[in-house]
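Reviewing the structure listed below.
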Amino acid sequence: MKVAYIVSSSFSGSTLLSLILNAHPAIGTISEFNAMDDIARNPDFRCSCGARIRECSFFLSLRDAMRAKGFRFEIDDMDMMLRLSNSESVDAFLAGRMTRFGSSPADACRDRIVDLMPWYRREKTRILSRNESLFHTVLELQRASIFLDANKCPYRMLFLNRHFDVKAIYLFKNGIAGMYSYLKSAIRTHRRTEIRQITRRWFGEQISISRCLARLGTEHYIQIAYSDLCNHPTDTIDKISRFLQIEPLPLDSFATAPHHVIGNAMRLGDFSQIKERLDWKEKLSPSDVEEYRRAAQECLPELKAVNPSMIEHLWL
């Protein structure tokens, strides 16, 4: 089975790209599954179609079809992600979530060791079975042939690639825009807002993603700058279509096509106009920009070592 996978940091446009690609008749998706806590906490959580997700006819059909195949399945607890421990730190080490401190050889060695553990093999088999059934069910319901997974995590991408034909789409903002998106999120949730720390986090994630892409192989991924998606959408979607070996998608169809996507709040907004937000230019002070530049320069050599082609897309 061919699986298209959007790998990125948060706030990089994965929901927008999911909505655009979902308009193609060959692509089926619900975007991402890693929002179960948000759905469980919010009885009014809505599908991108506008209906409450627990009342959405598509998600009810998905639930019923998965149960008919013998799976325990709830719309707010799809159980599709590989979780190996109740401890976040232990799970991060074993499942390989994004970390700045790692290397491809170390990750590969860790994967081989964990693969030898019987409990891991049992859990891996269980999660793979659930994912494969969900992929097939979504494709059946949407009458498509390529499943699009927009969960973003590069280690899930590698996990799936061991069992499916994964074609990765690396979507990234231009550095300062990515940092600013994280800064806004930190302010909203009352977390630490030091620009240097947030910049290092953003660059660290690009380094981790790039290492994982190197393990995937150059023929299995494509790099897409968010600014290109917004400013040259037709050319960018044509490039992705060629990569996925599907017919080009007319962009005038995606805003009116039926969607059943889980993602951030923009799934419910007016996404008929694709426009890059550049509010960081107004909101960041000259001293903020300089602090970003200093932190970015510290991270640049490591990123350049693992993904030199990305450097030209970064605002420094």
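What are the pairs, 6+ residues apart or on separate chains, where a residue within the stretch 173-198 that is under 17 Å from residue 281 (Cα atoms) has its Cβ under 8 Å from a residue that is assigned to a helix (DSSP H, G or I) and among the basic types (Lys, Arg)?
Matching pairs, first to second residue: 180/283; 182/201.
So residue 44 ticks every box in (1) in a strand (DSSP E or B); (2) without any contact (Cβ under 8 Å) to a residue 40 or more places away in the chain but one. Which box is left unticked?
(1) is the only condition that residue 44 fails.
Taking the condition of being closer than 15 Å to residue 273 by Cβ, over 18 Å from the mean Cα position of the chain (by Cα) and in a helix (DSSP H, G or I), how many residues in the stretch 224-243 meet it?
3
Which numbered condition trips up residue 249, out of (1) of a type in the set (A, V, I, L, M); (2) without any contact (Cβ under 8 Å) to a residue 12 or more places away in the chain; (3) assigned to a loop (DSSP other than H, G, I, E, B)?
The single condition residue 249 does not satisfy is (2).
Which one of these is farther than 20 Å from residue 259 by Cα and either surrounded by 18 or more Cβ atoms within 10 Å (Cβ to Cβ) or not acidic (Asp, Glu) (or both): 31, 61, 8?
Answer to the selection: 8.
Which one is farthest from residue 2 (Cα to Cα) among residues in the stretch 238-270 that are in contact with a helix residue (DSSP H, G or I) (Cβ under 6 Å, 6 or more places away or on another chain) and modelled with pLDDT under 75?
The qualifying residue farthest from residue 2 (Cα to Cα) is 266.
Can you pull out the residues in the stretch 149-205 that are part of a strand (DSSP E or B), among the aliphatic types (A, V, I, L, M) and farther than 18 Å from residue 130 by Cα? Working first, answer last.
As a first pass, look at the stretch 149-205 and keep what is part of a strand (DSSP E or B): 149-152, 165-172.
Checking which are among the aliphatic types (A, V, I, L, M) leaves us with 150, 166, 168-169, 171.
Residues satisfying the conditions are 168, 169, 171.
When you look at residue 33, is it at positive phi and in a loop (DSSP other than H, G, I, E, B), yes or no?
no
Sort out which residues of the stretch 32-72 are at pLDDT below 90 and acidic (Asp, Glu), and write them in order of number.
32, 37, 38
Which is in contact with a Lys or Arg (Cβ under 6 Å, 6 or more places away or on another chain) and crowded, with 18+ Cβ neighbours inside 10 Å, of 175, 204, 263?
204
Does residue 60 qualify as being within 23 Å of the chain's Cα centre (by Cα), within 21 Å of residue 148 (Cα to Cα) and assigned to a helix (DSSP H, G or I)?
Details: within 23 Å of the chain's Cα centre (by Cα): no; within 21 Å of residue 148 (Cα to Cα): yes; assigned to a helix (DSSP H, G or I): yes.
No: the conditions fail for residue 60.
Here's a check for you: in the stretch 110-145, which residue that is aliphatic (A, V, I, L, M) and over 30 Å from residue 260 (Cβ atoms) is surrounded by the most Cβ atoms within 10 Å (Cβ to Cβ)?
Checking each candidate, the answer is 114.
The values are calculated or read from the model by the stated rules, or taken from the named source; none is laboratory data. It should be emphasised that the depicted structure is a prediction, and the values quoted were computed from it without experimental measurement. Ideal geometry is used to build each Cβ from the backbone, glycine not excepted, and the neighbour counts take in all protein chains shown.
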